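Novice: If you scroll down you'll find the structure; I have some questions about it.
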Amino acid sequence: MRPSVVATLRDYGIYLALGALVAYFAIALPQFRTPDSALLVLLQVSVIGIIAIGMTFTILTAGIDLSVGSLLAVAGMFSGVFAQKDPSAVNVALAFLLPVAIGLLGGALNGVIIAWAGVNPLIVTLGTLTAYRGFVVWYRVNPIYDLQPYYRAVGQGTAGPVPIPAIILLAMAGVAWVVLNYTRYGRYVYVVGGNPEAARAAGIDVPLMKFSVYVLSGFCVGVAALIFTSRLMAAQAISGQGFELQAIAAAVVGGASLFGGRGKITNTIVGALIMGVLFNGLVMLNVPAPIQQMVIGVIIITAVWLDAVLRQRGY
Amino acid sequence: MHKVLALAIALMLLTIGAVGAAAAAQPWTFGVSYQNLAFPYVAALQKAAQAACKALAVKCLETDAFNDTEKELKNVESMLAQGVNCLAFEAASLKASSASIVAANKKGVPVVQFNGKADGGQWVTFVGSEQPDSGAQLGVWLAGLYKQLGKPQLKGIYLRGVAGQITDLARNDGLKNRLKAENLLDKISFTEQYADYDRGKGQSVTESLLTRDKSYDFIVANNDDMILGALQVARQFKLIGKVHMAGVDGLPEALDAIQKGELDATVFQDPEGQGGGGIWGCYLHLSGVKLPKDILIPFKLVTKANVSDFVAIAKRVYVK
């Protein structure tokens, strides 16, 4: 193959993969061809997709955020506390805004330790993964339910046929795409991850940049927590377990390099969609869960391996 | 005569005083090991165990295994080193948790298992429920539904827990065996998917299955969390009353949903009996009472007809 063809494959191979999967399920399952099914996939990937947007920023700086699932449980819990109370203006505002504020705060805490105490992001967020979970279980182990009906609007509402969570996902992905591609901040994110020495030499405040991506990740988690809690109409201390791996998988399947400096928001979203299409299609086909897990595992490894092979050849 | 009576009373008081003093000078300390306190059911067990410790005036040391048998063993070794008189033990695993029981055996500390049971080492008694029985109760409910709906064939969704996990297998066996006994195995068909006992996963799996086909007669789940996730979908798809639903646990939320008529049934498992029973088992054993090898607390099928009997217990043990 000519190098340009291979390069194109590397950049757009993931779109082909998604297209192939959709085509396969559409042939195998008449119900998969319906618009309802497509919208369902968007709805089901919304929470992980939004978390994966923040995750992509941290991965681009050669970092990682393992605390997202635990932080989601904390943010969701406090959202639930106020969503259960009588719908006064203050309670409604807190139910919607508090999870985002908690996400920002949790992300900022990660960011401060990583950026200025200089501790490895893997260690810091592994620590906060445990600590945030411990906190929320200590705060309240039993679910909060009987949430006020208005609270459904975010997670279960639709605009026409389109679920609100899908709209939020696409809007946030759009903003993140613009930021990464068309702003100085976005260029700095890539430079900090790809070549920190050059970043320092160019006068970029590297610690501040690192801090900022964890705050962004926390913000995404806060929004995801609101959607997740509203979708379930219940807040649980055990929510979000394992979400970090799903979000990382979406970014990595989308071609993001865990060594930093390389990755795209569009590809991360496609990575999340691949996981969502697989889940939805395999469940609809009633494939047993252990086989679903194997298929997803094989796809993650294949995607990363293929990417590595193409890169080694210098494309 | 009066003198004799006075002497007898004085002796009695002395004896009582002496016994009281002895009990105060040598109070029992029990070690309690839980499987994972992040689960509401286990937290409810803990609440019941703590209440029993208080009622019996024994000191209880508590540890959480976080579902990790290595951590469990370290916890137990540490409690043994602190000189506990008895170990109330909720096993995290059927096989691997035996190590903790063996460690207690070596120190000569008696073990009472509750809720989760490991099958190695020596223990005094097991206070808990036979998990296949919870599945059997789901089977009883399904058999009733079959008669009630009067269709020749029923088809439903069965949300399973974690693949290969012991409780999940036991509940599945209990359900299928019950249907077999009722001659209904070929009349009731299941679409089975694992949803890891998780509410969000229960919701997603149900969404996908119902998007493909809305004509299911019922959804059953191996715990209440999954059925409560499925219930959100049934509400959204406006299938309440058309798709009949039942879970296992008897969480307050499930009981509320039964009272509202959204959920048809759940199978109540009694954390008060199990958690308190672990402590009582230790107490009675040390007091010299001979206990049977198994003290079984039956599962109970909860429907709208009897739900009010269970609300009070659930509200008492599932707080915060």
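The values are calculated or read from the model by the stated rules, or taken from the named source; none is laboratory data. Quick caveat, the model's predicted, so the values are computed rather than measured. Neighbour counts are summed over all protein chains in view; Cβ atoms, including those assigned to glycine, are modelled from backbone coordinates with ideal geometry.
Novice: Filter segment A:200-225 for residues that are touching a Phe, Trp or Tyr at 6+ places or on another chain (Cβ under 6 Å) and farther than 15 Å from A:VAL179 by Cα and give the result.
Specialist: A:ILE204, A:PRO207
Novice: How many of the residues in segment A:21-55 are closer than 16 Å to A:LEU285 by Cβ and either part of a helix (DSSP H, G or I) or among the aliphatic types (A, V, I, L, M) (or both)?
Specialist: Summing the residues that are closer than 16 Å to A:LEU285 by Cβ and either part of a helix (DSSP H, G or I) or among the aliphatic types (A, V, I, L, M) (or both) in segment A:21-55 gives 17.
Novice: Shifting gears a bit: Go through segment A:113-185 and tell me which helices (runs of 4 or more DSSP H), entirely inside it, have 3 or more residues that are loosely packed, with under 13 Cβ neighbours inside 10 Å.
Specialist: In segment A:113-185, the matching helices (runs of 4 or more DSSP H) lie at A:164-182.
Novice: Yes or no: B:ASP213 out of contact with any strand residue (DSSP E or B) (no Cβ under 7 Å at 6 or more places or on another chain), facing another protein chain (nearest Cβ under 10 Å) and surrounded by 24 or more Cβ atoms within 10 Å (Cβ to Cβ)?
Specialist: No: the conditions fail for B:ASP213.
Novice: Continuing with the same structure: Report, by residue number, each residue of segment B:239-285 that is among the acidic types (Asp, Glu), assigned to a loop (DSSP other than H, G, I, E, B) and modelled with pLDDT under 95.
Specialist: B:ASP270
Novice: A further question follows. From the list A:MET172, A:MET209, A:MET233, pick out the single residue that is farther than 29 Å from B:ASP198 by Cβ, modelled with pLDDT of 95 or more and hydrophobic (A, V, I, L, M, F, W, C).
Specialist: So the residue among A:MET172, A:MET209, A:MET233 that is farther than 29 Å from B:ASP198 by Cβ, modelled with pLDDT of 95 or more and hydrophobic (A, V, I, L, M, F, W, C) is A:MET209.
Novice: Right, here's the next one. Does B:GLN148 fit the bill of being without any contact (Cβ under 8 Å) to a residue 12 or more places away in the chain, more than 9 Å from every other protein chain (Cβ to nearest Cβ) and surrounded by 16 or more Cβ atoms within 10 Å (Cβ to Cβ)?
Specialist: no
Novice: Going through segment B:188-209 one residue at a time, which ones are more than 9 Å from every other protein chain (Cβ to nearest Cβ) and touching a Leu at 6+ places or on another chain (Cβ under 7 Å)?
Specialist: Correct list: B:ILE188, B:GLY202.
Novice: So which residues in segment A:82-112 are closer than 22 Å to A:TYR145 by Cα, outside any loop (DSSP other than H, G, I, E, B) and polar (S, T, N, Q), if there are any at all?
Specialist: A:GLN84, A:ASN91
Novice: Sticking with this one: Which residues, counting only those in segment A:178-235, are within 30 Å of A:TYR151 (Cα to Cα) and over 17 Å from the mean Cα position of the chain (by Cα)?
Specialist: A:SER230, A:LEU232, A:MET233, A:ALA234, A:ALA235 - these are the residues of segment A:178-235 that are within 30 Å of A:TYR151 (Cα to Cα) and over 17 Å from the mean Cα position of the chain (by Cα).
Novice: Sort out which residues of segment A:126-146 are more than 11 Å from every other protein chain (Cβ to nearest Cβ), closer than 20 Å to A:ALA234 by Cβ and either more than 22 Å from the chain's Cα centre (by Cα) or among the hydrophobic types (A, V, I, L, M, F, W, C) (or both), and write them in order of number.
Specialist: The answer is A:PHE135, and nothing else.
Novice: Can you say whether B:THR206 is in a strand (DSSP E or B) and either more than 21 Å from A:GLN293 (Cβ to Cβ) or not basic (Lys, Arg) (or both), as far as the supplied structure shows?
Specialist: So B:THR206 does not fit the description; no.
This table checks each residue for (1) aromatic (Phe, Trp, Tyr); (2) modelled with pLDDT under 95; (3) surrounded by fewer than 23 Cβ atoms within 10 Å (Cβ to Cβ); (4) more than 29 Å from B:ALA314 (Cβ to Cβ).
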residue	(1), (2), (3), (4)
B:ASN36	no, yes, yes, no
B:ALA43	no, yes, no, no
B:LEU56	no, yes, yes, no
B:ASN67	no, yes, yes, no
B:LEU73	no, no, yes, yes
B:ALA81	no, no, yes, yes
B:LYS106	no, no, yes, yes
B:GLY116	no, yes, no, no
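Novice: On the basis of being modelled with pLDDT under 95 and either in a helix (DSSP H, G or I) or within 29 Å of A:MET275 (Cβ to Cβ) (or both), does B:ASP168 make the cut?
Specialist: yes
Novice: Could you list, in sequence order, all residues of segment A:258-315 that are part of a helix (DSSP H, G or I), among the aromatic types (Phe, Trp, Tyr) and away from chain B (no Cβ under 14 Å)?
Specialist: Within segment A:258-315, A:TRP305 is the sole residue that qualifies.
Novice: On the given criteria, is B:ARG235 farther than 24 Å from A:GLN84 by Cα and within 12 Å of chain A (Cβ to nearest Cβ)?
Specialist: Judged against the criteria, B:ARG235 is not a match.
Novice: What is the residue count in segment B:151-187 for residues that are charged (D, E, K, R) and within 14 Å of chain A (Cβ to nearest Cβ)?
Specialist: 3
Novice: For segment A:201-257, which positions are of a type in the set (S, T, N, Q) and either crowded, with 24+ Cβ neighbours inside 10 Å or in a helix (DSSP H, G or I) (or both)?
Specialist: Correct list: A:SER212, A:SER217, A:THR229, A:SER230, A:GLN236, A:SER239, A:GLN246.
Novice: Continuing with the same structure: Based on what the data block shows, is A:ILE204 hydrophobic (A, V, I, L, M, F, W, C) and within 14 Å of chain B (Cβ to nearest Cβ)?
Specialist: Against the criterion (hydrophobic (A, V, I, L, M, F, W, C) and within 14 Å of chain B (Cβ to nearest Cβ)), A:ILE204 does not qualify.
Novice: From the list B:ASN172, B:ASN177, B:ASN183, exactly one residue is exposed (fewer than 15 other Cβ atoms within 10 Å of the Cβ) and either more than 29 Å from the chain's Cα centre (by Cα) or farther than 23 Å from A:SER37 by Cβ (or both). Which is it?
Specialist: B:ASN183
Novice: Please indicate, with yes or no, whether at least one residue in segment A:50-68 is within 30 Å of A:PHE96 (Cβ to Cβ), in contact (Cβ under 8 Å) with a residue 60 or more places away in the chain and within 14 Å of another protein chain (Cβ to nearest Cβ).
Specialist: So far as segment A:50-68 goes, yes, one or more of its residues are within 30 Å of A:PHE96 (Cβ to Cβ), in contact (Cβ under 8 Å) with a residue 60 or more places away in the chain and within 14 Å of another protein chain (Cβ to nearest Cβ).
Novice: For the subset of segment B:200-213 comprising residues that are among the charged types (D, E, K, R) and modelled with pLDDT of 95 or more, which member is nearest to B:ILE240 (Cα to Cα)?
Specialist: Per the stated criteria, the residue is B:GLU207.
Novice: Report yes if some residue within segment B:245-252 is facing another protein chain (nearest Cβ under 9 Å), buried (at least 19 other Cβ atoms within 10 Å of the Cβ) and in contact with a Gly (Cβ under 8 Å, 6 or more places away or on another chain); otherwise report no.
Specialist: no
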